[in-house]
Amino acid sequence: MKIFKFGGASVKSAEAVKNVTRILGKYSENLVVVVSAMGKTTNLLETLVRAYFNREEKKYEIFQEFKAYHKEIMDNLFDGNGIPESVTFLFVELEAKLKKVPSLDFNFEYDQIICFGELVSTQIISDYLNYAGVKNQWIDIRACLRTDDNFRDASIDWEWTEELVQDTFRFNGQNLYITQGFIGSTTTNLTTSLGREGSDFTAAILGNILNAESVSFWKDVPGVLSADPKKMDGAVKITELSYREAVEMTHSGAQIIHPKTMKPLHNKGISLYVKSFLEPENSGTVIHKIDHKIELPPIFILKENLVLITLSPKDFSFISINDIDRVVNFLLENRVKVTLMQQSAIDLNLVIDAPEADLQEIFLELKPFYTVRYNTDLTLITIRHYTEEVLDWMVKEKDIYLEQHSRLTARMLVKQ
């Protein structure tokens with residue numbers, strides 16, 4: 001049994017969905033296929049969430065754009081025979097939600113709306129596969145992937161999830177299941193999400209619980225590359241990586257794999273393949289257990305739109321363990337994720353993603369203790385397996401705000 005995961009780019013159009021159908025048609029073994037929202041739908045739904053939460057009338061205009069995008073795909077898939085009833089039901093459900101008064105919890109409302117990207121996407125694909133003669137069963141993953149109620153970044157309840165997943169994906173007279181990534185639900189059936197790009201994590205969870213032979217991510221690149229080809233020239237494909245190397249890359253901001261993906265696969269020794277849906281016959285990259293040393297080229301990871309926060313004690317005292325404890329607890333309580341932290345004698349530097357809320361408002365609680373300064377629109381450049389020549393070339397004519405080196409990794413926060 002294998003797990004396949006297809007991202008938004010792989011199902012962004014009718015022709016793309018037909019391509020996925022052709023890929024699935026080449027496999028006869030048991031498959032669970034995890035699918036993301038189509039194209040850039042999640043971005044569109046995020047604008048819908050904000051409009052709904054702020055009680056703006058343009059929410060209906062955004063909703064119509066959401067419907068029209070999917071309707072065009074369905075018209076091309078089903079030869080103009082109308083919208084499948086299963087998808088119509090989801091449109092009606094979302095429209096009914098928009099007519100209700102929002103709660104005061106933005107994160108909760110986010111998850112109740114954002115899920116429709118995956119639900120509609122997978123329902124269209126499942127219906128089209130059946131229409132094309134490929135028998136499959138659609139599964140609402142929320143019925144078996146249980147989480148806590150930390151909306152927008154929920155944690156998995158592994159005990160409940162394992163029992164429900166094994167009871168749902170039985171492969172009893174059925175060898176192909178279509179389901180969603182990214183979303184789950186609480187024990188009281190409130191929809192949650194696992195964080196952006198969480199579909200990767202869903203595939204890894206299912207692979208772990210179902211003891212999959214392998215998990216494959218189908219991308220628009222030939223495998224894991226030494227750099228993002230959209231941002232840097234000369235990127236080369238890497239044939240194989242260790243679990244550890246993949247974790248280091250994703251932690252630094254590599255978009256190819258969700259950071260939480262590797263642990264469930266590593267724990268069961270399940271290989272992860274990163275393959276191209278444009279060239280499905282090619283081998284791609286395999287991430288697995290490696291006992292021998294492999295030579296890797298310098299690997300470049302650029303993480304953009306970051307903010308540098310510098311906290312300096314107002315009484316001019318040294319940064320102590322008590323300061324770090326206070327700041328870390330503050331970050332946890334306010335759900336601020338830190339990409340990099342660095343301490344000097346009287347400064348504590350934090351690198352975070354640019355927040356949706358106002359920075360001054362977020363750090364107001366710390367201002368009685370610290371002078372708070374920040375710089376925005378920064379890029380973190382991470383180079384794995386760096387050389388001095390590569391470092392010199394990479395930082396040329398750049399303003400460096402922060403720098404950190406270890407044995408294998410160099411990280412520089414720069415203004416591009």
| field | Filter result for the condition that a residue is within 22 Å of Lys100 (Cβ to Cβ), open to solvent by less than 30 Å² (accessible area, probe 1.4 Å), touching a residue at least 24 places away in the same chain (Cβ under 8 Å) and of a type in the set (Ser, Thr, Tyr), over Thr41, Thr21 | value | Thr41
| Residue count, the stretch 376-400 (criterion: open to solvent by less than 70 Å² (accessible area, probe 1.4 Å), of a type in the set (Lys, Arg) and without any contact (Cβ under 8 Å) to a residue 40 or more places away in the chain) | 1
| field | the stretch 236-260, subset touching a residue at least 24 places away in the same chain (Cβ under 8 Å) and among the aliphatic types (A, V, I, L, M), residue most open to solvent (accessible area, probe 1.4 Å) | value | Val236
| Of (1) in contact with a Ser or Thr (Cβ under 8 Å, 6 or more places away or on another chain); (2) at pLDDT 95 or above, Glu162 satisfies all except one. Which? | (1)
| said: So, in the stretch 8-26, how many residues would count as being at pLDDT 95 or above and outside any helix (DSSP H, G or I)? | reply: 2
| query | Within the stretch 48-87, can you find the residues that are within 20 Å of Thr122 (Cα to Cα), among the polar types (S, T, N, Q) and under 27 Å from the mean Cα position of the chain (by Cα)? | reply | Gln64, Ser86
| query | Do we have any residue at all in the stretch 265-272 that's surrounded by fewer than 20 Cβ atoms within 10 Å (Cβ to Cβ) and aliphatic (A, V, I, L, M)? | reply | no
| What tally of residues in the stretch 63-100 results from selecting those that are over 30 Å from Asn130 (Cα atoms) and without any contact (Cβ under 8 Å) to a residue 24 or more places away in the chain? | 2
| query | From the list Glu365, Glu403, which residue is of a type in the set (D, E, K, R), out of contact with any Ser or Thr (no Cβ under 6 Å at 6 or more places or on another chain), surrounded by fewer than 16 Cβ atoms within 10 Å (Cβ to Cβ) and closer than 25 Å to Pro298 by Cβ? | reply | Glu403
| note | Quick count over the stretch 295-345, residues being open to solvent by 50 Å² or more (accessible area, probe 1.4 Å), farther than 30 Å from Leu225 by Cα and either touching a strand residue (DSSP E or B) at 6+ places or on another chain (Cβ under 8 Å) or β-branched (Val, Ile, Thr) (or both), is 4
| query | In this structure, is Phe201 touching a residue at least 24 places away in the same chain (Cβ under 8 Å) and within 21 Å of Asn43 (Cα to Cα)? | reply | yes
| message | So, restricting to helices (runs of 4 or more DSSP H) that lie completely within the stretch 77-176, which ones have at least 1 residues that are open to solvent by 40 Å² or more (accessible area, probe 1.4 Å), among the hydrophobic types (A, V, I, L, M, F, W, C) and within 26 Å of Phe63 (Cα to Cα)? | response | 85-98, 106-114
| request: Inspect all residues belonging to the stretch 353-375 and state whether any of them is in contact (Cβ under 8 Å) with a residue 12 or more places away in the chain, of a type outside the set (S, T, N, Q) and within 30 Å of Leu241 (Cβ to Cβ). | output: yes
| request: May I ask you to list the residues in the stretch 361-386 that are more than 22 Å from Ile319 (Cα to Cα) and at pLDDT below 90? | output: Glu361
| request: Output the residue which, of all residues in the stretch 191-235 that are at pLDDT 95 or above and surrounded by fewer than 15 Cβ atoms within 10 Å (Cβ to Cβ), is farthest from Ser276 (Cα to Cα). | output: Asn211
| task | Please state which of the following conditions Glu281 fails to meet, knowing it meets all the rest: (1) open to solvent by less than 10 Å² (accessible area, probe 1.4 Å); (2) free of Cβ contacts under 8 Å to residues at least 40 places away in the same chain. | result | (1)
| message | For the structure I just gave you, tell me whether Val336 is more than 27 Å from Ala235 (Cβ to Cβ) and within 24 Å of the chain's Cα centre (by Cα). | response | yes
| query | Quick check: anything in the stretch 81-98 acidic (Asp, Glu), modelled with pLDDT of 95 or more and either over 20 Å from Ile178 (Cβ atoms) or touching an Asp or Glu at 6+ places or on another chain (Cβ under 8 Å) (or both)? | reply | yes
| field | Matching residues, the stretch 117-136, being polar (S, T, N, Q) and either closer than 22 Å to Thr192 by Cα or in contact with a helix residue (DSSP H, G or I) (Cβ under 9 Å, 6 or more places away or on another chain) (or both) | value | Ser121, Thr122, Gln123, Ser126, Asn136
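The values are calculated or read from the model by the stated rules, or taken from the named source; none is laboratory data. This one's a predicted model, so the numbers in the text were calculated from it and none came from an experiment. Ideal geometry is used to build each Cβ from the backbone, glycine not excepted, and the neighbour counts take in all protein chains shown. Side chains are part of the model used for accessible areas, which takes the heavy atoms of the whole protein and leaves out ligands, DNA and RNA. Shrake-Rupley method; radii C 1.70, N 1.55, O 1.52, S 1.80 Å.
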